[in-house]
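Notes follow once the structure below has been shown.
The values are calculated or read from the model by the stated rules, or taken from the named source; none is laboratory data. If you're wondering where the values come from, they're calculated on a predicted model, not measured in any experiment. Counting neighbours? That spans all protein chains shown, and the Cβs are built from the backbone with ideal geometry, glycine included.
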Amino acid sequence: MDIEAARETILTTLKKKSKSKSKFYLKDFYKMIPDEKPRAVKNVVNKMVQDELLEYWSSGSTTLIGLKGMGKQAHAEDED
Amino acid sequence: MAKHETPLLDQLESGPWPSFVSDLKQEAEARAKNERNIEYQIPVDAVDDLLGVLELSFKHGRTHWKHGGIVGVFGYGGGVIGRYCDQPDNFPGVAHFHTMRVNHPAGKYYTTEYLKQLCDLWDFRGSGITNMHGSTGDIIFLGTTTPQLEEIFYELTHNLNQDLGGSGSNLRTPSDCIGSSRCEWACFDTQAICHFMTKEFQDELHRPAFPYKFKFKFDGCPNCCVASIARADISFIGTWRDDIRIDQDAVQGYIAGDYPPNGGAHADGNWGAFDINKEVVNICPTGCMSMQDGKLEIDNKECTRCMHCINVMPRALRPGTDTGLSMLVGAKAPILDGAQMGSLLVPFVEVNPDNDYEAIIEVIEALWDWWMEEGKNRERLGELIKRQGFQKMLDMTGIKPMPQHVQEPRTNPYIFWKEDEVPGGFNADITEFRKHHLR
């Protein structure tokens, strides 16, 4: 897998959808890189969180992932 | 003098049992007095405000906590759960009140010194309120603010030799019974495998990897003290392949009343003399026990490892010596679909630390590959098994169907032949067939 291309695809897709949706299930990322195995996509996504391009949101039971700083919560809770 | 009036909570203290309300009041008072001169890093009245917001929730009949958050420690996608109060002006002490899940030691063994260190850390940087332990098994630290998270994480990992646990769509903190450290029935070393799996699957434990939560639990014997069969996506339950060991002299000792049944656990009631037929033989669920010429006989091939006879007469009966574990899959609590108990997938597998539990890990990874590919968002493994079928799971794991997979023979068979498994396929010549088989 071309990791750079995969990261770019993820960022472009998330930015495109950012008006209607700010948080995504991990499974949504599998669809963005359909030729790769889920495990490989998961590793790319988690690395992007470490690189502070994406961020996790957790309810405690489920985790969602979005572009860092997107959505209402960071600002509403003074976490930005 | 309490900060908030709490008449509804006070009522909860009136029952005969210890009350968490009393505990919270005690902690609120201790924080206010601060006899140890702790430099509290979160508001000193956090516990007062916690009582206040809980009282308000009782009054309104709805929660005043918001749902989830983006907080965590760097590089981890689990272990911290953002919690915020939706009445921050009235209860500023709990405006930010995050939960931290800390990986408990295998078997939940602590020294008192270690527990003191944990409590000191949490008094200093958190609310002082803990939940020992959460339902997954973790040490739960309830209530701190965002700036404290990295500090606590540093202290835990560098000075207390401990890590955060799992939350969100991660592997959850594996948990186990005390195993062979204290229990003669343990069929494998639960602590060794629990510790190994925790280390082996660090990435899955700390970063989201799955459609939803995933739990491992290790029970050393079928008594299932950590209830893995009811709540773990994969339960590992100790079992044996050979015969239950019988000491016939000890059986006679129980019959004669020399030994109290159940290790004396029911000795406080007047249950009369021990009756081996009434209390053991006749209530064996598979009817595989009998008394013949005064000797206890067990038809071991019919035994389903219910443990009842062994529990009642521990001096006389012991698990066999050819031990390993059974893997059951799909148990869950009723969040989306109904609650499910685990279904038996692997009746017996060796527990071999020398090859890094190779045979067990092979099954785990095959199940994960299937679930990661096919599981819907927020669908547990048990729900996927229900939706796509047990047979599909067998295909995906490469495990052949076997009699132990069938709960009730001849009632609802779910193992079907596929066309390529049938000689000649499904397009048999009916005329040719009828030549030999009349209608």
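Could you go through segment B:115-122 and let me know if any residue there is touching a residue at least 12 places away in the same chain (Cβ under 8 Å), over 19 Å from B:Lys66 (Cβ atoms), surrounded by fewer than 20 Cβ atoms within 10 Å (Cβ to Cβ) and aromatic (Phe, Trp, Tyr). No, every residue in segment B:115-122 fails to be touching a residue at least 12 places away in the same chain (Cβ under 8 Å), over 19 Å from B:Lys66 (Cβ atoms), surrounded by fewer than 20 Cβ atoms within 10 Å (Cβ to Cβ) and aromatic (Phe, Trp, Tyr). Inside segment B:66-97, residues that are more than 10 Å from chain A (Cβ to nearest Cβ) and in a loop (DSSP other than H, G, I, E, B) make up a count of 7.
Cβ-Cβ contacts under 7 Å between residues 6 or more apart (or on different chains), taken from a first residue in segment B:390-403 that is of a type in the set (Gly, Ala, Ser) to a second residue that is at pLDDT 90 or above, are listed as B:Gly398/B:Ala366.
Determine the pairs where a residue that is within 14 Å of chain A (Cβ to nearest Cβ), located within segment B:166-179, has a partner that is part of a strand (DSSP E or B) and surrounded by fewer than 24 Cβ atoms within 10 Å (Cβ to Cβ) with Cβ atoms under 6 Å apart, the partner being 6 or more residues away or on another chain. Sorted first by the residue in segment B:166-179, then by its partner, the pairs are B:Ser167/B:Ile81. With the structure loaded, tell me whether B:Asp23 is closer than 30 Å to B:Ile178 by Cα and assigned to a helix (DSSP H, G or I) or whether it fails that test. When the stated conditions are applied, B:Asp23 passes them.
To keep it simple, each residue is scored yes or no on (1) farther than 17 Å from B:Val80 by Cβ; (2) surrounded by 22 or more Cβ atoms within 10 Å (Cβ to Cβ).
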| residue | (1), (2) |
| --- | --- |
| B:Gly128 | yes, yes |
| B:Pro147 | no, no |
| B:Ser167 | no, yes |
| B:Thr173 | no, yes |
| B:Ala186 | yes, yes |
| B:Leu205 | no, yes |
| B:Pro208 | no, yes |
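In segment B:360-382, which residue that is touching a residue at least 24 places away in the same chain (Cβ under 8 Å), assigned to a helix (DSSP H, G or I) and within 14 Å of another protein chain (Cβ to nearest Cβ) is nearest to A:Ser58 (Cα to Cα)? By that ranking, first place goes to B:Met372. Those strands (runs of 3 or more DSSP E) of segment B:279-345 in which 2 or more residues are surrounded by fewer than 16 Cβ atoms within 10 Å (Cβ to Cβ) and of a type outside the set (Phe, Trp, Tyr) occupy B:289-292, B:295-298.
Take the conditions within 13 Å of chain A (Cβ to nearest Cβ) and either in a loop (DSSP other than H, G, I, E, B) or in contact (Cβ under 8 Å) with a residue 24 or more places away in the chain (or both) and apply them to B:Tyr110. Does it pass?
No; evaluated as a whole, the condition is false for this residue.
Candidates in segment B:188-203 are the residues that are surrounded by 23 or more Cβ atoms within 10 Å (Cβ to Cβ) and touching a helix residue (DSSP H, G or I) at 6+ places or on another chain (Cβ under 6 Å); of these, the one that is farthest from the other protein chains (Cβ to nearest Cβ) is B:Thr190. Cβ-Cβ contacts under 7 Å between residues 6 or more apart (or on different chains), taken from a first residue in segment B:73-96 that is polar (S, T, N, Q) to a second residue that is surrounded by fewer than 20 Cβ atoms within 10 Å (Cβ to Cβ) and assigned to a helix (DSSP H, G or I), are listed as B:Gln87/B:Leu56. Taken together, the criteria place B:Asp233 among residues that are within 12 Å of the chain's Cα centre (by Cα), within 14 Å of another protein chain (Cβ to nearest Cβ) and acidic (Asp, Glu). If you go through segment B:57-65 one residue at a time, do you hit one that is at negative phi and within 11 Å of chain A (Cβ to nearest Cβ)? The answer is yes, given that some residue of segment B:57-65 is at negative phi and within 11 Å of chain A (Cβ to nearest Cβ). The residue pairs whose first member lies in segment B:195-209 and is in contact (Cβ under 8 Å) with a residue 40 or more places away in the chain and closer than 9 Å to B:Ser169 by Cα, whose second member is of a type in the set (Ser, Thr, Tyr) and buried (at least 22 other Cβ atoms within 10 Å of the Cβ), and whose beta carbons are closer than 6 Å, counting only pairs six or more residues apart or on different chains, are B:Pro208/A:Thr63; B:Pro208/B:Ser169.
With respect to (1) under 30 Å from B:Thr145 (Cβ atoms); (2) within 11 Å of the chain's Cα centre (by Cα), the lone exception for A:Thr13 is condition (1). Name the single residue that is nearest to B:His308 (Cα to Cα) among those in segment B:246-271 being touching a helix residue (DSSP H, G or I) at 6+ places or on another chain (Cβ under 7 Å) and in contact (Cβ under 8 Å) with a residue 40 or more places away in the chain. The residue in question is B:Asn262.
In the list B:Gly137, B:Gly128, which residue meets the criterion of being modelled with pLDDT under 95, at positive phi and away from chain A (no Cβ under 14 Å)?
Of the residues listed, the single one that is modelled with pLDDT under 95, at positive phi and away from chain A (no Cβ under 14 Å) is B:Gly137.
Looking across segment B:26-51, the residues that are out of contact with any helix residue (DSSP H, G or I) (no Cβ under 8 Å at 6 or more places or on another chain) and assigned to a helix (DSSP H, G or I) come down to B:Gln26, B:Glu29, B:Ala30, B:Lys33. Listed by first and then second residue, the pairs with beta-carbon distance under 7 Å, at least 6 apart or on different chains, first residue in segment B:332-354 and charged (D, E, K, R), second exposed (fewer than 14 other Cβ atoms within 10 Å of the Cβ), are B:Lys332/B:Ala339.
Scanning segment A:1-40 for residues that are hydrophobic (A, V, I, L, M, F, W, C) and within 30 Å of B:Lys66 (Cβ to Cβ), we see that the one that is nearest to the other protein chains (Cβ to nearest Cβ) is A:Leu26.
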